[in-house]
Each structure stands twice: as structure tokens, then as C-alpha cells.
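Visitor: For reference, the structure I am asking about is given below.
All of the numbers you see were taken from the coordinates with simple rules; none came from a lab. For clarity, every value in this text was computed on a predicted model and none was experimentally measured. Glycine also receives a Cβ, built like all others from the backbone with ideal geometry; neighbour counts cover every protein chain displayed.
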Amino acid sequence: MLSTLTRAFSGASRRALAPAARNAVRTAMVSRAQSTDKAEPMSRDVTRLTYHSRKRGILETTLILSAFADTNLTRLSAADMADYEHIIMSNAWTEWDLYRYLTAKDDRLDAPEELRALPVFWRIREMVQQKGGVAKRQKESASQTTTS
């Protein structure tokens, strides 16, 4: 099966396959959520996505995504969870690009349309803007540890 898929998509670029892959993941997660035993598969997805949110390439993105995962993953629908997985697992952007997209001011946002179309992306950005960004939280936590 894998070799058939590899041959079929050998000439296609990664970006051209991204929407199709995202739709396949979304379909799988939605069908899993509609199964008879809903709690177990969704909790497995939440655990897996929380793990991947905490194990990022750079600390700044790790702080943002792990904070979002801790507070929001259990409340996301299956479709939103699939979109979140696409955001954190995609190879279409680097970790630094993702950090820039999530923290950019509205007038300087240059995120790709594929990312802008996802409601979860805007929820993560809203969280970052409400909390004042990563640097502010790091300074606050450093000052709390020195005063304690």
C-alpha cells in the first residue's frame, strides 16, 4: 500500500499534498469521534497532540502550543483537533515561521492562506495576544522565581 502511494505521489510537491493530507486526517478523526466508544480514541488524540505540542523545535513555539494544548485541546471538536494537528505537524512551514505567524501583529501577518483558513489558528493567535506573548510570560516567571 505504501509503495503504491509513494509511486503515485512521487512527482507531487509537499505543498500540493498538504490539503489532501489534512482532509484525510480530518476525516479519520471525525469518524473516530463518531464511533461508539468516543472517550478512549479522543483522549488518545488529546494525549498525542499534547505531547507533540510540548516537543517542538524551539522553546518559543513550545511555550505557545503547550499552553494552548493544556487549556483547549479537550474542548476542541474533532474537525478542529484535526486542524490543530495539521498546524503543528505540517512541513509546509518551519518552527520559526509558525512562531512568527502566531505572534505577528495584525498589520504584519503574512501567514499562508492554508493557515489563515483554520479557525484554530486564530484561536491560538487570540490566546497569544491576550497573554501578551511569550517574552512577557518568560520575564514574569523569571521575576517570580527571583522574588520567591
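Visitor: Taking R0 as 22 Å, what's the FRET efficiency between Lys105 and Asp70 from their Cβ-Cβ distance, rounded to 0.05?
Guide: Between Lys105 and Asp70 the formula returns 0.30.
Visitor: At a 10 angstrom cut-off on C-beta neighbours, averaged per residue, how do the peptides 61-72, 76-87, 116-127 rank from highest to lowest?
Guide: In descending order of packing, they fall as 76-87, 61-72, 116-127.
Visitor: Can you pull the Rg over Rh of the stretch 52-134, Cα-only, Kirkwood?
Guide: Looking at the stretch 52-134, the ratio lands at 0.91.
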